[in-house]
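The values are calculated or read from the model by the stated rules, or taken from the named source; none is laboratory data. Remember, predicted model here, so these are calculated numbers, not experimental data. Cβ sites come from the backbone with ideal geometry, for glycine too, and all protein chains shown count toward neighbours.
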Amino acid sequence: MDIVLDKDVLKENKDGLQADEEEIERKIRAQEVDKELNLKGKVCPYTFIESMLALEEMKIGEVLRVIVDFPPAVCDVPKSLKNEGYEILDVRPVNKTDWAILVKNTEFK
Amino acid sequence: MKFSEEQIHRYSRQMILPGVGGKGQRKLSEAKVFIMGAGGLGSPAAIYLAAAGVGTIGLADSDHVEIHNLQRQILHRTCDIGLSKVESGKKTLESLNPEVKVQIYCERVTSANIQRIVEGYDLVLDGSDNFPTRFLVNDACYFGRKTLISGAILRYDGQLSTFKPHAGGPCYRCLCPEPPPPGLVPSCQEAGVLGAVAGIIGLFQANEALKEILGIGQSMAGRFLLFNALNLSFTEMKIQKNPECPLCGENPTIKELIDYTQSCSTRDTTPLQTSTKTCD
């Protein structure tokens, strides 16, 4: 499976607050999340909508881990969430079919 | 409220829009919109608001469906001829979206009932076709502090505005303090109307209602849009609160609702039963 990740949707400013960066890195490494959403078997745009609905109910700063297996969702979900103002922390394959998207609920608008 | 799988699928194409999302969809499902008239303007407006998932729609019209309505009043079908327009409208809206609660008022709106009706709604759409009703609805919205989205059509022309005097904007009477003398402005049954013009203006009203509910975009409050279908031209004017407005001005003379009467000549074969008969 060939999936080209849009680097732009991943966290851009690596020179941000050091403590914050370390905390994010730690969460990514530990895959420590506040909520996990299994969207295997779901297609776009429902993958995005369900991710957004979950984030809308979470507190600012909390991290959501979304599991998708629909290939276009690997690019589209992070891109759409980023457009909405959420922060994409990480996108990586977890096995042959599934990808994990780590997204942080941020204050915006 | 948690969205069901079916709701997510039904509203997915608007939930993905910036400014809507789950929060906006929730606002829509909690919204209560009153539509005055289940005719040319009320039909498209009601259909699109129901389709968008507006939770409660009120429809008021005292007329029954007649064959000459079907050229533009798309809530109704040929098989609905003879039914009350609100019953026919309710049937159409509920078959489109069973989640929507449709409240119907098969009665002529007057000073005696209009305030009680609009009280239960957040937003009012005026799709009436006569000046007595138009002024009555404007005045009731002013007294009840309801946002009024006003549309009107005749021949190939349409107009649109939003009135929010409670938020500092003008009201309908700021533009037109009193109804014109009966007979001066022809009715649709005298002058005719292109069905698509009704659709366009009714949908502009639905569009503005959705924006007001969602709190997005630029409101039409303080703006007045004129549309001409033959040239496909739009003219927009700025409108301001009139300090001498008899309703919302500095020294208002109108303190209560007024039932105007309107006598109009008709080329229709059916004689009018009352002097304020609505024809749309």
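Data table
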| item | result |
| --- | --- |
| Any hit, segment B:162-182, residues being within 11 Å of the chain's Cα centre (by Cα), touching a residue at least 60 places away in the same chain (Cβ under 8 Å) and closer than 19 Å to residue B:40 by Cα | yes |
| Residues within segment B:226-263 that are closer than 17 Å to residue B:155 by Cα and at pLDDT below 95, tallied | 0 |
| Per-region count, segment B:1-60, residues away from every other protein chain (no Cβ under 14 Å) and of a type in the set (Lys, Arg) | 1 |
| Subset of segment B:183-193 [more than 18 Å from the chain's Cα centre (by Cα), more than 12 Å from residue B:69 (Cα to Cα) and in contact (Cβ under 8 Å) with a residue 12 or more places away in the chain] | B:183, B:185, B:186, B:190, B:191 |
| All positions within segment A:43-97 that are within 17 Å of residue A:33 (Cβ to Cβ) and acidic (Asp, Glu) | A:50, A:56, A:57, A:62, A:87, A:90 |
| Options B:195, B:215, B:168; residue that is over 30 Å from residue B:14 (Cα atoms), among the small types (Gly, Ala, Ser) and surrounded by fewer than 18 Cβ atoms within 10 Å (Cβ to Cβ) | B:168 |
